[in-house]
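Trainee: Got a structure for you, written out below as structure tokens; questions coming shortly.
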Amino acid sequence: MSNVQDKIVVFRVGDDLFAADVQSVERVLRHQAARPIPDVPAWIDGVIEYRERMVPVIDLRRRFELPVEGVRPEMRTLVMNAGAEWIAVTVDAVLEVAGGGEGMTPPPAYFRGLAGEYLRGIVRRGDRLVVVLDVDRLLSATDRLALGRATAGEETRDA
């Protein structure tokens, strides 16, 4: 019997399956448009307000350099715990909460550089491979600094 530490939230981005540890996922929301903010990487859509805080939204299609598509009803925004902060990610669909942490293998050695930094491992779900993300590393320290400056300006304008 698996416990909560072994569970993952499986979601789809493009044709590929990804997952995050269930304890990293704060909430799954229907997709909502992010409020754009200037001077951030193109893969950051902007911010949403969640529980009275400005939360940056990462478009995982852009982050993974996949073609951008229009908004569809099955799209979701996942609010996640990344260290001591919340971030949100836009995904094409959330598929399931499943056991999986116990069968994880480390990412192959050829996943180096940026991609390798935010991959925690790979699990098999039936005949498909699921890439498990390291949520804490989806934003680099540089990205966090840029977002901190940009969102501070947003909060000041809203006041």
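The values are calculated or read from the model by the stated rules, or taken from the named source; none is laboratory data. On a predicted model such as this, the values are computed, not experimentally measured, just so you know. Cβ placement follows ideal geometry from the backbone for every residue including glycine, while neighbour counts extend to all protein chains displayed. For accessibility, only protein heavy atoms count, side chains too; no ligands or nucleic acids. Shrake-Rupley method; radii C 1.70, N 1.55, O 1.52, S 1.80 Å.
Trainee: Got a number for residues in the range 7-30 being open to solvent by less than 40 Å² (accessible area, probe 1.4 Å) and either under 16 Å from Val123 (Cβ atoms) or in contact with a strand residue (DSSP E or B) (Cβ under 8 Å, 6 or more places away or on another chain) (or both)? Walk me through how you get there before you give the answer.
Mentor: As a first pass, look at the range 7-30 and keep what is open to solvent by less than 40 Å² (accessible area, probe 1.4 Å): 8-11, 13-14, 17-22, 24-25, 29.
Narrowing further to those that are either under 16 Å from Val123 (Cβ atoms) or in contact with a strand residue (DSSP E or B) (Cβ under 8 Å, 6 or more places away or on another chain) (or both): 8-11, 13, 17-22, 24-25, 29.
Total satisfying the criteria: 14.
Trainee: What residue, among those in the range 90-104 that are hydrophobic (A, V, I, L, M, F, W, C) and outside any loop (DSSP other than H, G, I, E, B), is modelled with the lowest pLDDT?
Mentor: First pass over the range 90-104, keeping only residues hydrophobic (A, V, I, L, M, F, W, C): 91, 93-95, 97-98, 104.
Subsequent filtering for residues that are outside any loop (DSSP other than H, G, I, E, B) retains 91, 93-95, 97-98.
Details: Val91: 95, Ala93: 96, Val94: 97, Leu95: 95, Val97: 92, Ala98: 87.
Across the range 90-104, the extreme among qualifying residues is Ala98.
Trainee: Additional query: Please specify each residue of the range 73-82 satisfying the condition of being without any contact (Cβ under 8 Å) to a residue 60 or more places away in the chain and either open to solvent by 60 Å² or more (accessible area, probe 1.4 Å) or touching a Ser or Thr at 6+ places or on another chain (Cβ under 7 Å) (or both). Talk me through it step by step, then tell me what you get.
Mentor: From the range 73-82, those without any contact (Cβ under 8 Å) to a residue 60 or more places away in the chain are 73-75, 77, 79, 81-82; that's our starting set.
Of everything in the range 73-82, those that are without any contact (Cβ under 8 Å) to a residue 60 or more places away in the chain and either open to solvent by 60 Å² or more (accessible area, probe 1.4 Å) or touching a Ser or Thr at 6+ places or on another chain (Cβ under 7 Å) (or both) turn out to be Pro73, Glu74, Met75, Thr77, Asn81.
Trainee: Return the residues of the range 71-89 that are charged (D, E, K, R), under 15 Å from Val28 (Cα atoms) and part of a strand (DSSP E or B); say none if nothing qualifies.
Mentor: Initial filter on the range 71-89 (charged (D, E, K, R)): 72, 74, 76, 85.
Retained after the next criterion (residues that are under 15 Å from Val28 (Cα atoms)): 74, 76.
Within the range 71-89, Arg76 is the sole residue that qualifies.
Trainee: Taking only pairs six or more apart or across chains, which ones have beta-carbon atoms under 7 Å, a first residue in the range 20-46 that is under 26 Å from Val97 (Cα atoms) and in contact (Cβ under 8 Å) with a residue 12 or more places away in the chain, and a second residue that is open to solvent by 30 Å² or more (accessible area, probe 1.4 Å) and among the β-branched types (Val, Ile, Thr)?
Mentor: Qualifying pairs under 7 Å: Val22/Val4; Val22/Val97; Gln23/Val4; Val28/Val94; His31/Val71.
Trainee: Now, a different point. Looking at (1) at negative phi; (2) at pLDDT below 90; (3) open to solvent by 10 Å² or more (accessible area, probe 1.4 Å), find the lone condition where Val135 falls short.
Mentor: (3)
Trainee: How many of the residues making up the range 83-96 are under 15 Å from Leu133 (Cβ atoms) and either among the aromatic types (Phe, Trp, Tyr) or surrounded by 15 or more Cβ atoms within 10 Å (Cβ to Cβ) (or both)?
Mentor: Applying the first criterion (under 15 Å from Leu133 (Cβ atoms)) to the range 83-96 yields 83, 87-92, 94-95.
Imposing the further condition that a residue be either among the aromatic types (Phe, Trp, Tyr) or surrounded by 15 or more Cβ atoms within 10 Å (Cβ to Cβ) (or both) reduces the set to 87-92, 94-95.
Residues flagged as under 15 Å from Leu133 (Cβ atoms) and either among the aromatic types (Phe, Trp, Tyr) or surrounded by 15 or more Cβ atoms within 10 Å (Cβ to Cβ) (or both) within the range 83-96 amount to 8.
Trainee: Yes or no: the range 31-42 includes at least one residue that is modelled with pLDDT of 90 or more and under 24 Å from Arg125 (Cβ atoms).
Mentor: Among the residues of the range 31-42, at least one is modelled with pLDDT of 90 or more and under 24 Å from Arg125 (Cβ atoms), which makes the answer yes.
Trainee: Please determine, by comparing only the residues of the range 47-71 that are closer than 16 Å to Glu85 by Cβ and of a type outside the set (D, E, K, R), which one is most open to solvent (accessible area, probe 1.4 Å). Spell out the reasoning first.
Mentor: Just the residues of the range 47-71 that are closer than 16 Å to Glu85 by Cβ, to begin with: 47-58.
Retained after the next criterion (residues that are of a type outside the set (D, E, K, R)): 47-48, 50, 54-58.
Numbers: Val47: 4, Ile48: 6, Tyr50: 20, Met54: 44, Val55: 2, Pro56: 16, Val57: 3, Ile58: 2 Å².
Among residues in the range 47-71 that are closer than 16 Å to Glu85 by Cβ and of a type outside the set (D, E, K, R), the one most open to solvent (accessible area, probe 1.4 Å) is Met54.
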